[in-house]
Amino acid sequence: MNCDSSFDCKPLGNDKNIYMKILFRKRPLVRALLAGLALCWGGVSLCAETKSAHVAGKKGRSPNILFIMSDDHTTQAIGAYGSRLANLNPTPNIDALANNGMRFDRVFCNNSICTPSRASIITGQYPQRNGVLDLNDSLGLENQYLPMEMKKAGYQTAMIGKWHLKKEPAAFDYYSVLPGQGKYHNPAFRVRGDKPWPRNIIKKTGMHSSDAITDVSLDWLENRRDKRKPFFLMHHFKAPHDLFENAKRYDNYLKDVEIPEPENLLRPPDGSAATRGMGSGVGRTHAPWTLAKKLGILENLDERSYAQAGYQKYLKRYLRCVKGVDDNVKRLIDYLRETGELDNTVIIYTGDQGFFLGEHDLMDKRWIYEESMRMPFIVQWPNGIQKGSANNWLINNTDFAPTMLELAGIAKTPPYMQGRSFAAALRGEAKPHDWRTSVYYRYWMHLAHSLKVPAHFGIRGDRYKLIFFYGCTPKGAKQTPAAWEFYDLKNDPFEMHNLYANPEYREIIAKMKAELKRTREDLDETDEKYPKIQTIIDAHWLQK
Ligand SMILES: [Ca+2]
């Protein structure tokens, strides 16, 4: 049994073998015998590696890195971030990572959808550099830089769970990944085998994906890696992606609880001509994705009741999936503790982007607005980070690879990466004077998937955010109104009031516009290859 929740629960996954091994490990005599056997088994190859820094003993050894990423788990649904949902205690185990380590408050993705965010994490590059602009793109072996560099640093590497970059994750020593989005129940995994990718499949019948992915990771940690080397494990949950299917044991979790509503549920922001009535809401109005209908809410309810019922069902399903993630995070932590690896393991918890949980009367992600653009990012490393600390540097997902590489001993970021290491933040050092003053964002998938989100780009600074909605596909099709939006995040944290036309902000808007232009040029994120978009930008650049 591995569940400390108050509702009914059953054993998570198929841990029996692993926990039997841990029991044996606790017996000194058995442990000594096993160690002796392992030494014999290691034989000549162990001798060959004795010069490596990584077998120089625990103090001199590079830390293990466990990178845990869920799919669409947003900061509002993590207790440590203190949102309206924190009192529900949705993530006690992830919160414990923050209490024992560092919580990052200003980490953002540069494109709030699965595939591009994951590509930026693996490459340390922005979408135009790595070629992954949207969900149709893929990332080949030649661009899988993070595992390649980790291997060079002497790490054993594994990618387990949702990959979503289409091509074989061949740069990893080991992989076991869901096909595409994967399935919540009875998931299949693509593995290395006799047949060419992607034809080697194993199935986890009778299991929920969060439990199955964790089983695979625990099996790799215990049985399939070279324990003489530090490990780099990317453990990627499918949950809590839509349509939010929890494991059966969570069916009654939050059943009789009323989930607090956001202040701006059913109250869309002022926005602009580009955004009013766009996106997909929780209720019936401006809801082309029909979330409430998909969740089975009765159509005969009045507008408010329909939206509120949709919201309650949406949040309960989402939070049940989150609970499954959180309980499985505990299994990973417990394993590391039991095996004595916890103190020397950097555990990172993140989501591939943010998500709207009814705020702005929106669901899903894609938008540059805070709830969608912001990523949770929590790091625990008992040997390296001060407990209970927090950070507010402006960081994005291109910085993750340079940071993890620095932790692995590669002090100089590979020149082809565009992100910058923030390992100094983990060490508790002051922010460098030349740290960026804004983060860049671009969403390309104009009006995709019935979600009615217009294409846009912008920058988010310490206090202000400037956005340009150009409103068309890369080829200039499906044009919707183009417009600017500008928000003062200090006075208006929920981005309800577009201040672009307010003359009081003219000076700061001009300054940010210059920074936006400069940033796009510095990152090779201009629209030279997209003349139709460039024409729209030119026509609106000086708009007041
Ligand atoms: Ca996602």
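Relative intensity of segment 359-511 on a log10 scale, I(q)/I(0) at q = 0.21 Å⁻¹, equals -1.34, per a Debye sum over C-alpha point scatterers of equal strength in the absence of solvent.
The spread of Cα positions in segment 113-220, taken along each principal axis and listed from longest to shortest, comes to 41, 32, 25 Å. Only protein heavy atoms count here; under a 1.4 Å probe, TRP541 has an accessible surface of about 50 Å².
Could you tell me whether segment 412-495 comes out rounded, prolate or oblate from its Cα gyration tensor? Rule is a ≥ b ≥ c as square roots of the eigenvalues, rounded for a/c under 1.5, then prolate if a/b exceeds b/c, otherwise oblate. Taking the square roots of the gyration eigenvalues as a ≥ b ≥ c, segment 412-495 is oblate. Between 0 and 90 degrees, the angle of helix 506-522 with respect to the longest Cα principal axis of the chain falls at about 50 degrees. Note on the chain: helix-only mean residue ellipticity at 222 nm, from DSSP H runs of 4+ residues weighted -39500 (n - 2.57) and normalised by residue number, equals -8500 deg cm²/dmol.
Packing around the peptides 383-393, 413-423, taken as the average count of other Cβ atoms within 10 Å per residue, puts them in this order, highest first: 413-423, 383-393. Taking all protein chains into account, the per residue accessible area for segment 309-393 stands at 21 Å² (1.4 Å probe).
Ignoring solvent entirely, what values of log10 I(q)/I(0) come out of the Debye formula for segment 254-370 at 0.17, 0.23 Å⁻¹ when each Cα is a single scatterer? Log10 I(q)/I(0), no solvent term: -0.87, -1.31. Near the amide H of ASN498, within less than 5 Å, lie the amide hydrogens of ASP270, GLY271, all on another chain or at least 5 residues away, with H placed in the peptide plane. Alpha-carbon geometry of the chain: the Rg and the Dmax are 23.5, 77 Å, given in that order. Ranking of ASP334, ASP538, ASP251 by solvent-accessible surface, largest first: ASP538, ASP251, ASP334 (1.4 Å probe, protein heavy atoms only, all chains present). State which entries of LYS412/LYS465; LYS465/LYS513; LYS167/LYS195; LYS452/LYS544; LYS323/LYS465; LYS204/LYS255 exceed 21 angstrom in Cα-Cα distance in the structure shown. LYS412/LYS465; LYS452/LYS544; LYS323/LYS465; LYS204/LYS255, as the Cα separations exceed 21 Å there.
Solvent-accessible area assigned to carbon and sulfur over segment 111-218 amounts to 49 percent, based on a 1.4 Å probe. Near ILE160: Cβ cut-off under 10 Å, other residues only, Lys/Arg at +1 and Asp/Glu at -1. The net charge is -1.
Look at where the Cα atoms of segment 496-525 and of segment 358-429 average out, and the two centres are 24 Å apart. Report, to the nearest 10°, how far helix 16-25 tilts away from the longest principal axis of the Cα atoms in the chain, using its own Cα long axis and a range of 0 to 90°. In the chain, helix 16-25 runs at an angle near 50 degrees to the longest axis. Taking the DSSP beta bridges with both ends in the chain, the antiparallel portion is around 55 percent.
Take 337-343, 228-234 and order them by the average number of nearby Cβ atoms within 10 Å per residue, most first; the result is 228-234, 337-343. Could you please state how large a percent of the accessible area of segment 245-376 is carbon and sulfur, counting protein chains only and using a 1.4 Å probe? The value for segment 245-376 is 47 percent carbon and sulfur by accessible area. Coupling constants for segment 430-441 follow from the phi torsions by the Karplus curve (6.51 cos²θ - 1.76 cosθ + 1.60, θ = phi - 60°), and in residue order they are 5, 5, x, 4, 9, 5, 4, 9, 7, 10, 8, 9 Hz; glycine and proline get x.
Once backbone amide H atoms are built at 1.01 Å from N, PHE232 has ILE65, GLN156, THR157, ALA158 as its partners under 5 Å, excluding neighbours fewer than 5 places away on the same chain. Among 256-262, 98-104, the peptide with the highest mean count of other Cβ atoms within 10 Å heads the list, and the full ranking is 98-104, 256-262.
Accessible surface of segment 387-465, 1.4 Å probe: 52 percent of it comes from carbon and sulfur atoms.
The values are calculated or read from the model by the stated rules, or taken from the named source; none is laboratory data. Just so it is clear, the model here is predicted, and its values are computed rather than measured. Glycine gets a Cβ as well: all are built from the backbone with ideal geometry, and neighbour counts include every protein chain shown. Side chains included, ligands, DNA and RNA excluded: accessible areas come from the protein's heavy atoms. Shrake-Rupley method; radii C 1.70, N 1.55, O 1.52, S 1.80 Å.
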